[in-house]
Amino acid sequence: MFRSIDDVIRRLGEQKYICNKNVATVVYLACAMQKPVLVEGPAGVGKTELGKVLANSLGLELIRLQCYEGLDEGKALYEWEYAKQLLYTQILKDKVGEILQGSQSLKQAVDRIAKEDDVFFSEKFLLPRPLLRALVAEKSTVLLVDEVDKSDTEFEAFLLEVLSDFQISVPEIGTLRAKHLPLVILTSNNSREMSDALKRRCLHLYLDFPEPQREMEIIKLKVPGVGEKLVEEVAYLLQRLRKLDLKKKPSISETLDWVKALTLLNMKRLDDQLVQETLSTLMKYEGDIRKAEEELKRYLADRKTKLHAAAVESDKDLLH
Amino acid sequence: MNDQIVEFSNLLRRNGIRVSPSENMEALRALELVGVGDPHGFRTALRATLVKRFADMRLFEELFELFFLGFGKAVAESDRRLMAQLGLNPKEFQEWLEQVRSLLEHRKDHLSPIARALLAGDMGQVERLLREAAATEDGEAVERRVSVGVYSHRVAVAIQIDRVEQETADFLAWAESRGAAPEILERLARYLDERLKALSQLLRELAEQELRKSGQTPPGRERLEYLMQKSFSYYTAEDIRRMNEVVTQLARRFKNLLSLRRKKADRGRFDVKDTLRKNLQYGGVPFEIQLDRRKREKPQVIVLCDISDSVLNASRFMLQFVYSLQELYSKVRSFVFVSEVGEVTQLFEENEIQTAVEMALKGEVIDVYCHSNFGRAFDMFYREHFSAVTSKTTFLVIGDGRNNYNSPNDWVLKEIQQKAKQLIWLNPESRLTWGFGDSEMARYVPHCDFVEECRNIEQLYKVIDRIAA
């Protein structure tokens, strides 16, 4: 586990995940308090990534449960393997006969069978799905419940038991308790508001678009060999783009794609032509692209005047 | 510390953020782990444990500043102002404070505790004394929701501010009588003056905190409920802004409700094939009965909205509702009319719901400055868009049916009703007035499957229920 907040920053950094102190504090608290974290925020700011990176940096197994409409216990928790159970009973018929041999009365026979009861209702016939796997794992795990807002309300209610007590009731067997408490990360895109009961059991973390400084760090880390000047310009331009009224604001993952494209095209600085042609990696809607193009033109014009002003300044310096 | 956290979460609660006792305890546990020494960690720990909704984030930050930093900020600011005024750097300022304190030591019998703390620059002590005074000032002022000014005045009286001022003046006079150098005296005068100003600043700060604690203007439930029942025709611009939130909220609640209901209603007849397959595991003995999962077709919705002034708000919220719930329907098409019909479906595809509603209502598509003519609109719809109506369509008309004595063309409704799954008419007028004057409701009603008065959000919500069924 993590020793301190700075330790979180450092170790996530080793996994190429740059986080600010907010994120680190919440992660640290989650580990120390053994509470689930509900991560919210716009798409593509690294919510899912956070779960993956956490597992890596702690050296734990990552168990991922992708939520979707119609996800039920059978797919999330466990399934009882009737077929296997039946098969076993068939195969073991002779053995059962042996056990029953010599029993005097029906009662005795039933008692004898009852002694072996556990064999037929045991975890052998339990087919574990992600949630159960996380609970019964021999080592502690990181359980990533992705896009929990996509799941149905009933499933959410069902998650409550798992998240608060780390235990699951299986009708055939009884209640299973976690051997090691998993570290739970829930992510949500806010397509619907989660219930208060669920939220109460979690720590809350809101991941927002990064500040320009941090975004520059991220780009440099994730796209090796990118030009310093380009990074700076991209980060600055994105700040401006995100202020526009867009259907989908460009997130970090899209930014990275874009910068990769620009680097492949061997760009050193933003220029009109190529940027326009590659904008489609950044924007996903036609209307957005149009708006972004206009903003880009304004940006380039601004830059020109600024450069010009700077040039005039330096000229003056020369004259003096 | 514990008390302060509990008090802070009380403050949050009174301002409309839900904080449960268990969350409170968690906040304390988190603080133990993070420690109170690190201001950033302190804030983050509280935020992560106490605030669970993004919408509450801003309010939290605001209240946090007020509660934990308000005093400190005021004090720091006053100190900074003092330094600038006296032309001292921090170190010199400290020395100056020492000097003042030693002077105060001589006069301590003549000063009240608060004056002494204030003049010595012991702002922590000042804060404690102020809070004590505010605590004895009973809750009555708070109950009566007085203004910040009045409240701070009351506390000022409680700490006997005039006495503090008098003592300060005396102190200065005494220093003069001791024959201090004129420039020292002048500096002292300025210093004392600034300290008194800082005191009144602190008083204000305190008053603001106390009043916020009492939850002056919580975005109350009652208010929203009142709005839900308020008739559309009396809406103010402010109401509309607030209702936008409510509509989104209601839409969400409705979606959840519907998903539950569908689960239950989805079971149909006995399914032989599935039952056989499922029960293979029992050797073919049908232990578990498998029922048909009824496939539910998502309804298609066509909304035809009158957007003349009289029904504008009903149309506005209906459009908003329908589009907030878009994933419940397989297709939504929307038309608006006053006299001509115009399709606004595309507006909603390209814009945010809010903007699209505004654009549709502001006359981007059709001329809104003419007299309502239902007959003409129906006729035009029939000629241009009738093919959009299918047997799966739920057809929704919103309008008051006031036709300005034009030809009603009610045959169009008859055609629509025959072809569509259901035809619903919503009228934002009171049922009692239907059919009077130029209202053609009497002619239109027989062709509709369902007619409802729809004068406020609550009624609108009920109708939404019916469309999705």
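The values are calculated or read from the model by the stated rules, or taken from the named source; none is laboratory data. Just so it is clear, the model here is predicted, and its values are computed rather than measured. Here Cβ is always computed from backbone atoms with ideal geometry, including for glycine, and neighbour counts include all displayed protein chains. Please note that ligands, DNA and RNA were not included when accessible areas were found on the heavy atoms of the full protein model with its side chains. Shrake-Rupley method; radii C 1.70, N 1.55, O 1.52, S 1.80 Å.
Some observations on this one:
- In the range A:123-152, the residues that are closer than 20 Å to A:Glu81 by Cα and open to solvent by 10 Å² or more (accessible area, probe 1.4 Å): A:Glu123, A:Lys124, A:Leu126, A:Leu127, A:Pro128, A:Arg129, A:Pro130, A:Arg133, A:Val136, A:Ala137
- Selected residue [surrounded by fewer than 17 Cβ atoms within 10 Å (Cβ to Cβ) and farther than 26 Å from A:Gly74 by Cβ] from A:Leu244, A:Leu262, A:Leu207, A:Leu203: A:Leu244
- The residues of the range B:412-463 that are of a type in the set (Lys, Arg) and either under 28 Å from B:Val247 (Cα atoms) or out of contact with any strand residue (DSSP E or B) (no Cβ under 9 Å at 6 or more places or on another chain) (or both), listed by number, are B:Lys414, B:Lys421, B:Arg431, B:Arg443, B:Arg455, B:Lys462.
- Within the range B:348-365, none of the residues are in contact with a Pro (Cβ under 9 Å, 6 or more places away or on another chain), over 21 Å from B:Val247 (Cβ atoms) and not in a helix (DSSP H, G or I).
- The residue of the range B:162-174 that is farthest from the chain's Cα centre (by Cα), among those that are more than 13 Å from B:Glu194 (Cα to Cα) and open to solvent by less than 40 Å² (accessible area, probe 1.4 Å), is B:Phe171.
- Hits in the range A:30-61 - residues which are farther than 17 Å from A:Ser188 by Cβ and within 10 Å of chain B (Cβ to nearest Cβ): A:Cys31, A:Ala32, A:Met33
- Test: residue in the range B:354-364 that is away from chain A (no Cβ under 14 Å) and without any contact (Cβ under 8 Å) to a residue 12 or more places away in the chain: yes
- Helices (runs of 4 or more DSSP H) (entirely within the range A:211-265) containing at least 1 residues that are more than 27 Å from the chain's Cα centre (by Cα): A:228-243, A:252-264
- Among the candidates A:Ala157, A:Ala114, the residue that is in the same structural domain as A:Val27 (by TED's automatic domain parsing), small (Gly, Ala, Ser) and under 24 Å from A:Thr175 (Cβ atoms) is uniquely A:Ala157.
- Restricting the range A:247-283 to residues that are away from chain B (no Cβ under 14 Å) and basic (Lys, Arg) leaves a set whose member that is nearest to A:Asp208 (Cα to Cα) is A:Lys260.
- Looking only at the range B:75-92, and only at residues there that are closer than 18 Å to B:Leu185 by Cβ and in contact with a helix residue (DSSP H, G or I) (Cβ under 8 Å, 6 or more places away or on another chain), the one that is surrounded by the fewest Cβ atoms within 10 Å (Cβ to Cβ): B:Gln85
- Looking only at residues of the range B:233-288 that are at pLDDT 75 or above and either in contact with a strand residue (DSSP E or B) (Cβ under 7 Å, 6 or more places away or on another chain) or acidic (Asp, Glu) (or both), we find that the one that is least open to solvent (accessible area, probe 1.4 Å) is B:Asp271.
- One residue from A:Leu198, A:Leu186 being assigned to a helix (DSSP H, G or I), within 18 Å of the chain's Cα centre (by Cα) and within 14 Å of chain B (Cβ to nearest Cβ): A:Leu198
- Subset of the range B:366-403 [assigned to a loop (DSSP other than H, G, I, E, B), β-branched (Val, Ile, Thr) and surrounded by fewer than 21 Cβ atoms within 10 Å (Cβ to Cβ)]: B:Ile366, B:Val368, B:Thr390
- Tabulated pairs, the range B:168-185, first farther than 23 Å from B:Ile114 by Cβ and in the same structural domain as B:Leu88 (by TED's automatic domain parsing), second assigned to a helix (DSSP H, G or I) and open to solvent by 60 Å² or more (accessible area, probe 1.4 Å), C-beta under 6 angstrom, 6+ apart or interchain: B:Leu185/B:Glu176
- Count of the range B:29-55 residues which are at the interface with chain A (Cβ under 7 Å from one of its Cβ atoms), farther than 30 Å from B:Gln249 by Cα and open to solvent by less than 20 Å² (accessible area, probe 1.4 Å): 2
- Pair list, Cβ < 8 Å and 6+ apart or interchain, from the range B:407-419 residues that are on the phi > 0 side of the Ramachandran plot to residues that are exposed (fewer than 15 other Cβ atoms within 10 Å of the Cβ) and not in a helix (DSSP H, G or I): none
- All of A:Lys16, A:Lys35, A:Lys47 fail the test of being surrounded by fewer than 21 Cβ atoms within 10 Å (Cβ to Cβ) and either in the same structural domain as A:Asn190 (by TED's automatic domain parsing) or in contact (Cβ under 8 Å) with a residue 24 or more places away in the chain (or both), apart from A:Lys16.
- Among the residues making up the range B:13-23, those that are part of a helix (DSSP H, G or I) and within 11 Å of chain A (Cβ to nearest Cβ) are B:Pro21, B:Ser22, B:Glu23.
- Restricting attention to the range A:266-320, the residues being of a type in the set (S, T, N, Q), open to solvent by 100 Å² or more (accessible area, probe 1.4 Å) and at pLDDT 80 or above number 1.
- Neighbours by Cβ (under 6 Å, 6+ apart or cross-chain): first from the range A:176-190, at positive phi; second of a type in the set (Asp, Glu): A:Asn190/A:Glu40
- Residue among A:Glu98, A:Glu79 that is of a type in the set (D, E, K, R), closer than 30 Å to A:Lys47 by Cβ and open to solvent by 70 Å² or more (accessible area, probe 1.4 Å): A:Glu79
- Test: residue in the range B:57-68 that is touching a residue at least 24 places away in the same chain (Cβ under 8 Å) and either within 9 Å of another protein chain (Cβ to nearest Cβ) or more than 24 Å from the chain's Cα centre (by Cα) (or both): no
- Looking across the range A:153-164, the residues that are buried (at least 18 other Cβ atoms within 10 Å of the Cβ) and within 12 Å of chain B (Cβ to nearest Cβ) come down to A:Phe155, A:Glu156.
- Test result for B:Arg29, within 19 Å of A:Lys199 (Cα to Cα) and over 24 Å from the mean Cα position of the chain (by Cα): yes
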